Every structure is written in C-alpha cells, then in structure tokens.
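Participant: Once you've had a glance at the structure underneath, I'll fire off some questions.
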C-alpha cells in the first residue's frame, strides 16, 4: 500500500483556489490509479491518500496533481507492506 501525505506550503485560501481541480484529480485517482481512501488532515494542513499499485505509477500520477503543479503542497510518499488488517480491510494487505 502507498500512503501519500500532502502538506500545504501555501495558504488554505490558495489551496481553495485549486480545490476543484485537485478533487477532479482525486476522483480520477479512484477510477484509474488505485486510490482506496483520502481526506483532509485535522487540523487542515493538507491531506492523505491511501493507494494500491506500483509505487512508480503512484509517484508519476502525484506529479500531475494541481496542488503539485501550482506549488500548493509538498508530498511525502511512503510504501507500506500491510501484514495485518481488521476484517473487511483485507484489500490493504500486500
């Protein structure tokens, strides 16, 4: 599993200006790039995406995020070999 952590480096007002395009990008991620879950950090300092698939493919797709293109957020990508999960979340296992 891939964890993508976004941290805003610009204001939330600036993020909001690109939010519609970012959310369209996220929606495509679910349809075409193995996204499993996503959401805002609390407090709102960025967001997190959980994805499956080859790391290189996820990294390449992240490069096209409007938040990356416009310098709104920095991205940290971590790959996890999930070995244990509760019932119903077996899809997270490697």
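Participant: Less than 14 Å from a label point 7 Å out along the Cα-to-Cβ axis of residue 5: which backbone N atoms in region 50-84 qualify, by residue?
Facilitator: Counting only backbone N, you get 50, 74-80.
Participant: How big is D, in µm² s⁻¹, for the chain by Stokes-Einstein at 4 °C and 1.567 mPa s if Rh is the Kirkwood radius over C-alpha pairs?
Facilitator: Taking Rh from Cα pairs, D becomes 95 µm²/s.
No lab work stands behind these numbers, since they all come straight from the coordinates. Model, not experiment: these values are computed from the prediction. Because the Cβ atoms are built from the backbone with ideal geometry, glycine has one as well, and the counts that use them run over all protein chains shown.
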